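The values are calculated or read from the model by the stated rules, or taken from the named source; none is laboratory data. All of these numbers come straight from a predicted model, not from anything done at the bench. Heads up, the Cβs are rebuilt from the backbone with ideal geometry, glycines too, and the neighbour counts pull from every protein chain shown.
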Amino acid sequence: MPPFILGIDPGSNHLGWCLLHEGAYDMSGVISAKKKDSLLQRRDYIRTELYKVFQEVPPSPNTVMAIEDPMSRGIGTAKVLATIRTMAEEMGFNFGWAFLQVLPHEWHGMVYEEDGRREGESVKDLALRVANGLTKGRITSEDESDAFWIAKYVFSKAR
């Protein structure tokens with residue numbers, strides 16, 4: 001069982017991340033790049049900030065980085081997000097971490113099992129509401145929430 005799972009919700013403007021330690025929430029955040037910057041500038045900014053996050057993860061040879069598969073979105077978005085995903089993977093490999101891809105429907109199912117969807121509530125709203133409750137209010141954005149569920153899903157499968 002990996003002691004640390006770092007969930008990542010890749011984005012070219014906002015990248016959400018969440019670290020679980022032995023299945024429990026440890027820390028999370030969002031890296032936000034400037035939309036007016038070029039994709040290259042945003043990628044470089046996200047790389048710099050994500051490297052800082054990676055340095056905060058306690059050293060462990062069994063850390064797993066779980067990242068949402070961008071191919072589940074449209075092809076244009078997938079191409080952009082693939083550059084972000086590849087960059088994150090390379091950095092994680094440099095830290096010696098294992099890597100797993102998670103499809104959105106995999107973690108969405110877990111959210112539905114945790115708490116039922118309210119009338120008119122989107123999956124994103126449900127995921128944020130439930131994650132916020134499970135972390136005592138520390139998850140405050142959709143990007144963090146997605147990363148939380150990505151990590152939680154991988155933890156549930158590792159048990």
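For (1) aliphatic (A, V, I, L, M); (2) in contact with a helix residue (DSSP H, G or I) (Cβ under 9 Å, 6 or more places away or on another chain); (3) closer than 21 Å to ASN13 by Cβ, each residue gets a yes or a no:
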| site | (1), (2), (3) |
| --- | --- |
| LEU100 | yes, yes, no |
| LEU103 | yes, yes, no |
| ASP115 | no, yes, no |
| ARG118 | no, yes, no |
| ALA127 | yes, yes, yes |
| ALA131 | yes, yes, yes |
| GLY137 | no, no, no |
| SER145 | no, yes, yes |
| TYR153 | no, yes, no |
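Taken as a whole, segment 41-52 holds at least one residue that is within 16 Å of ILE8 (Cα to Cα) and aliphatic (A, V, I, L, M). Just to be sure I understand, how many residues within segment 54-100 are of a type in the set (Val, Ile, Thr) and either within 16 Å of VAL30 (Cα to Cα) or modelled with pLDDT of 85 or more (or both)? Selection size over segment 54-100: 6. The test for being without any contact (Cβ under 8 Å) to a residue 40 or more places away in the chain and not hydroxyl-bearing (Ser, Thr, Tyr) holds for LEU103. Within segment 115-154, the residues that satisfy the criterion of being within 14 Å of SER28 (Cβ to Cβ) and surrounded by fewer than 21 Cβ atoms within 10 Å (Cβ to Cβ) are ASN132, LEU134, THR135, LYS136, GLY137, ARG138, THR140, SER141, GLU142.
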